[in-house]
Amino acid sequence: MSPLLKIVVGLVCGLLGLGYLYRPDLIERMNAVLREYLLNDSYIALERRKWGMFFLLLSFLFLFMGWTALRQ
């Protein structure tokens with residue numbers, strides 16, 4: 001995985017994490033599109049903090065990996 005791709009994945013995960021934590025209405029709209037394939041309404045309502053923290057941690061991991069790969 002290239003360093004720039006890691007940074008992009010990290011930024012996307014960071015936005016998703018912040019969305020889950022601060023703008024659940026946007027996530028619910030996105031969920032309406034993906035409902036049948038990946039997500040469940042009750043699951044998002046009950047687990048939004050866990051998913052938000054998961055995506056923020058994943059974001060920091062990818063950003064760190066991309067940043068260190070760019071500096072080498």
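Could you order peptides 60-68, 13-21 by the average number of other Cβ atoms within 10 Å of their residues, highest first?
Going from most to least packed, we get 13-21, 60-68.
Tell me the label-point distance for the pair L46, L5, using the 7 Å Cα-to-Cβ offset, in nm and rounded to one decimal.
3.6 nm
Where in the chain are the DSSP H helices whose alpha-carbon span along the long axis reaches 27 Å or more and whose Kyte-Doolittle mean is at least 1.0?
Membrane-span-like by this criterion, though nothing is claimed about a membrane: 3-22.
Every read-out reported here was derived from the displayed coordinates using simple, explicitly stated rules and does not represent laboratory data. As the structure is a computational prediction, the values presented were derived from the model and not from experiment. Note that we place each Cβ from the backbone using ideal geometry, even for glycine, and neighbour counts take in every protein chain shown.
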